[in-house]
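Undergrad: Sharing a structure here in structure tokens format.
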Amino acid sequence: MTYVRAAVRAFEMSMKLRSVNPFSNFSWLAFPLIFTVLGLLLLSPGGGGHSAYAILGGGLIGYWGMAYLEGGNEIQNERWSGTLEQIMACPTPLAVIVVGKLFSSLLFGMLSFIPAVALGYFGFHQSLHLDPIPFALSFLVLTFAFFSVAMALAPLYALSRRAFTVTNGFEIGVYVLGGFMFPISQLPSWLQAASSVLAPTWAVRSLYAAAGQPFGHEYLRWCAISIALSCGYLAAGWFLYRVVDVRARVTGQLALA
Amino acid sequence: MTTLRIFFRSCWFQYRAMFNWATPIGYFSYKFLQPIVQILFLTELGIFATGRSNALYFALGNALQLTAVNGIFGVVMSVGNERQFGTLPILLGSPANRVVTFLGRAFVHVLDGIAGVAVGLVLAFVMFRIDLSHANLGLLAICVCIISLTTAGLGLMFGSLSLITRDVFVIANAAYYLLLVFCGINVPVSRLPEWAQLIASCLPLTRGVQAAREVVSGAGLAQVSGLLAGELAVGLIYALVGYALFAWLEHQARRGGLQEAY
């Protein structure tokens with residue numbers, strides 16, 4: 001119960017900070033709009049029913065950016081603010097604090113779909129045709145996948161101040177490997193193999209299938225694979241949190257690491 | 001001579017300060033990993049929309065746009081970080097020549113931007129087999145240099161805004177990604193709405209990228225000189241406006257003691 005309360009407090013604080021942070025608001029509002037415009041300009045003139053890739057793709061990019069970058073960046077911000085040591089030293093495990101922060105970034109990330117859908121509808125007269133139950137299921141699984149990736153990566157940010165820099169390129173890499181704005185079947189086979197170990201890839205495929213893209217209807221299989229991979233990330237994350245905890249106490253160089 | 005020394009030392013130190021995180025792995029990620037995935041993502045998106053035969057258009061455009069990583073992010077943050085790191089009042093209080101100080105924010109980024117595009121073009125060549133057999137490579141290099149200069153001009157103008165806003169990173173991000181839409185990088189300018197074409201004509205990159213595309217198709221200096229002159233003029237205007245803004249804001253800040261009050 002104490003842990004739940006701590007996570008809720010972290011969530012509340014994170015929501016307050018995020019709501020007045022211009023970059024967070026840029027990330028869920030402007031970022032999806034820019035990519036949706038780009039996608040719609042490219043995909044809507046030829047028809048082919050690909051505008052879902054522009055609309056959902058813009059939202060996915062904003063959602064992933066919030067979950068991955070903003071979620072991870074919260075740890076970096078704690079380091080810059082000089083509060084990382086307090087978080088690590090307090091009796092509540094770091095993972096609990098990160099859970100609260102991540103729920104906040106996921107909630108903001110979900111907002112990314114609003115400007116994308118609105119722009120598609122009002123600006124380009126394009127709308128989504130969804131199969132509601134599979135779509136809702138896929139979206140839940142996708143959220144779990146984003147949560148798991150961010151949870152697993154967050155300790156890396158605590159471990160090293162350079163982790164953010166090194167993994168920054170990974171953000172756009174997941175646009176490619178996750179099939180956010182085009183099907184991964186057009187990628188070279190070795191990239192398709194790499195994408196198959198990413199939990200978001202399977203959830204995104206399920207999401208697009210529910211939005212009418214011709215992938216078939218194997219929702220349960222795709223969601224099961226995504227959930228299994230996500231659980232694997234969480235297990236890896238659990239190990240990393242222990243490494244961070246031990247290393248921080250042994251070296252005493254958390255903020256400088 | 002002293003001015004030149006100050007210029008080059010200032011260039012180098014501000015670049016080092018900005019990339020203080022630049023371990024070899026970090027720099028590799030910034031210089032190679034990000035360009036690879038950005039070119040890959042936007043080119044594959046273009047291929048999905050228009051077919052594999054158009055890969056050259058997207059790969060070339062996005063390789064050239066990499067100059068904005070330095071020209072926009074680098075230059076804007078170089079000016080903006082003075083405020084974030086608490087050195088702005090010291091900078092404004094120093095007797096250093098303002099033109100030298102101002103242009104020094106951009107110089108190394110222009111060079112690094114050129115290197116970035118070179119990396120991007122090699123990657124585009126390797127990943128998408130873009131055909132450079134008809135290209136005048138010397139002229140293409142001139143196009144890249146000019147694009148890098150003009151993008152830095154835009155960066156200097158946005159960087160000046162850091163004197164009156166704390167959210168300069170948002171400005172840099174917005175500028176960087178909007179260039180992808182407006183400047184003929186991924187969507188031909190002719191396919192944009194009229195109001196967007198007007199914006200495109202006022203931005204750096206638009207003419208430079210068009211010139212580079214024509215050079216890759218075999219055009220000579222005579223055919224692209226107008227575009228390159230226009231590109232240079234646009235960049236110069238942005239740099240001048242940026243400097244004027246910087247000077248005016250500095251004047252206002254001195255009068256009111258407002259260096260970090262915004």
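Undergrad: Sorted from largest down, what three extents in whole angstroms do the Cα atoms of chain B have along their principal axes?
TA: That gives 58, 42, 36 Å along the principal axes, largest extent first.
Undergrad: Something else about it: With θ taken as phi - 60° and the coefficients 6.51, -1.76 and 1.60, list the Karplus ³J(HN,Hα) couplings across the stretch B:162-175 in order, rounded to whole Hz; mark glycine and proline as x.
TA: Once θ is set to phi - 60°, the couplings for the stretch B:162-175 become 5, 6, 10, 9, 8, 9, 5, 5, 5, 4, 4, 5, 4, 4 Hz.
Undergrad: Sticking with this one: Taking a quarter of the surface of the convex hull around the Cα atoms of the protein assembly as shown, what do you get in nm²?
TA: Working: hull surface 102.3 nm².
Its Cα hull, projected and averaged over all orientations, spans 25.6 nm².
Undergrad: To continue, here is another question. What net charge do the residues around A:His217 carry, taking every other residue with its C-beta under 12 Å from that of A:His217, with Lys and Arg at +1 and Asp and Glu at -1? Please report the intermediate quantities before stating the final value.
TA: Values: positive: A:Arg205, A:Arg221; negative: A:Asp131, A:Glu218.
Here the charged neighbours net out to 0.
Undergrad: For the stretch B:192-262, what's the relative contact order in percent, using C-alpha pairs closer than 8 Å and at least 6 residues apart?
TA: RCO, the stretch B:192-262: 26 percent.
Undergrad: Using helices alone, what [θ] at 222 nm do you get for chain B, with -39,500 (n - 2.57) per DSSP H run of 4 or more residues, divided over all residues and rounded to the nearest 500? Don't skip to the answer; put the middle values down first.
TA: Working: 12 runs with 191 residues, N = 262.
When only DSSP H runs of four or more count, the value is -24000 deg cm²/dmol.
Undergrad: A further question on this structure: Would you mind ranking B:Ser10, A:Ser185 so that the residue whose beta carbon has the fewest other beta carbons within 10 Å leads the list? Provide the component values of the computation, followed by the final result.
TA: On the way: B:Ser10 20, A:Ser185 10.
The order, fewest Cβ neighbours first, is A:Ser185, B:Ser10.
Undergrad: Only helical DSSP H runs with n ≥ 4 go in: add -39500 (n - 2.57) per run for chain A, normalise by residue count and round the 222 nm mean residue ellipticity to 500 deg cm²/dmol.
TA: -22500 deg cm²/dmol
Undergrad: Cα centroid distance between the stretch A:207-226 and the stretch A:184-203, in Å?
TA: What the calculation gives is 14 Å, centre to centre.
Undergrad: Would you please name the trypsin sites (Lys or Arg not before Pro) within the stretch B:145-213 that are DSSP coil residues with at most 14 other C-beta atoms within 10 Å of their C-beta? Can you show the working numbers first?
TA: On the way: sites: B:Arg166, B:Arg191, B:Arg207, B:Arg213; in loops: B:Arg166.
Filter output for the stretch B:145-213: B:Arg166.
Undergrad: Output the relative contact order of the stretch A:71-160, whole-number percent, from Cα pairs under 8 angstrom with separation of 6+ residues.
TA: Details: 37 pairs, mean separation 45.0, N = 90.
Relative CO of the stretch A:71-160 lands at 50 percent.
Undergrad: Please list, in order along the stretch A:131-144, the HN-Hα scalar couplings obtained from phi with the Karplus expression 6.51 cos²θ - 1.76 cosθ + 1.60 (θ = phi - 60°), rounded to whole Hz, x for Gly and Pro.
TA: In residue order, the calculated couplings are 8, x, 5, x, 5, 5, 4, 4, 5, 4, 5, 4, 4, 5 Hz.
Undergrad: Give me B:Ile171, B:Ile25 sorted ascending by neighbouring Cβ count inside 10 Å, so fewest comes first. Provide the component values of the computation, followed by the final result.
TA: Numbers: B:Ile171 19, B:Ile25 12.
Starting with the residue having the fewest Cβ neighbours, the order is B:Ile25, B:Ile171.
Undergrad: Follow-up question, since we're still on this one. Report Rg (one decimal) and Dmax (nearest whole number) for the stretch A:147-257, counting Cα atoms only, units Å.
TA: 16.8, 54
Undergrad: Report the residue, chosen from B:Ala222, B:Ala55, B:Ala212, that carries the largest GNM mean-square fluctuation when chain B is represented by alpha-carbon nodes joined by springs under 10 Å.
TA: B:Ala222
Undergrad: Test of understanding: in a Gaussian network model of chain A with alpha carbons linked when under 10 Å, which of A:Leu137, A:Leu33, A:Leu102 would top the mean-square fluctuation ranking?
TA: Ranking A:Leu137, A:Leu33, A:Leu102 by mean-square fluctuation puts A:Leu137 first.
Undergrad: So, one more: Using the alpha-carbon centroid of each, what span in Å lies between the stretch B:90-121 and the stretch B:219-258?
TA: A separation of 14 Å, based on Cα centres.
Undergrad: Just A:Ser105, A:Ser189, A:Ser160 to compare: in a GNM of chain A, with alpha carbon springs under 10 Å, which one fluctuates most?
TA: Maximum among the listed residues: A:Ser189.
Undergrad: Between A:Arg221 and B:Cys202, what is the label-point separation in nm under the 7 Å Cα-to-beta-carbon projection?
TA: 5.4
Undergrad: Can I ask one more? Can you compute 3J(HN,Hα) from phi for each residue in the stretch B:68-80, using the Karplus curve 6.51 cos²θ - 1.76 cosθ + 1.60 with θ = phi - 60°, rounded to whole Hz and x for Gly and Pro?
TA: Working through the residues one at a time gives 6, 4, 7, x, 9, 4, x, 5, 4, 5, 4, 6, x Hz.
Taken together, the values in this text are just the output of simple stated rules run on the coordinates, not laboratory data. Source: prediction; values computed, not measured. Ideal geometry is used to build each Cβ from the backbone, glycine not excepted, and the neighbour counts take in all protein chains shown.
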